[in-house]
1. Within the set of pairs 6 or more residues apart or between chains, which connect a residue that is among the β-branched types (Val, Ile, Thr) inside the range 97-115 to a residue that is open to solvent by 100 Å² or more (accessible area, probe 1.4 Å) and part of a loop (DSSP other than H, G, I, E, B) with Cβ atoms less than 9 Å apart?
2. Let me confirm something: among Ala90, Ala75, which residue is closer than 24 Å to Tyr4 by Cα and at pLDDT below 95?
3. Quick check, is Met1 open to solvent by 50 Å² or more (accessible area, probe 1.4 Å), closer than 30 Å to Arg85 by Cα, more than 18 Å from the chain's Cα centre (by Cα) and modelled with pLDDT under 95?
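The values are calculated or read from the model by the stated rules, or taken from the named source; none is laboratory data. The shown structure was predicted, so the numbers you read here are calculated from the model rather than taken from an experiment. For neighbour counting, all protein chains shown are included, and Cβ atoms are generated from backbone atoms with ideal geometry for every residue, glycine included. The area values use the complete protein model at the heavy-atom level, side chains included, leaving out ligands, DNA and RNA. Shrake-Rupley method; radii C 1.70, N 1.55, O 1.52, S 1.80 Å.
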Amino acid sequence: MAEYLILIFEDENAYATATPDVFQQVMDAHNRFAGQVGEKGGKIIEGRALQPTSTATTIRNDVVTDGPFAETKEALGGYYLIEARDLDHALEIAKLTPARFGGVEVRPIMVFDNA
């Protein structure tokens, strides 16, 4: 099985104004997702949520700046590293990823020869 990274991009402002009920719904959705991946024949290797972009530090050409490199409506908020048979299987799993205020991006993990 190959490894794929599911990057979760969402509108941080939507979470900043969300009620505790919304947070619970999102957490419930992520807990369901973990079970759905196994049901689809995939495997979650790891998944993490990220702190808001306001906590980011960006480095470009040795210049260190507080905050993200570019301001966008949707920011990277977390990820899942999964195992899937192929890209089609990874996309089938990614369609189940909770992203209430945005969407996801799927990228294969690069494999290097032992050279």
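1. Val104/Lys95
2. Ala75
3. yes
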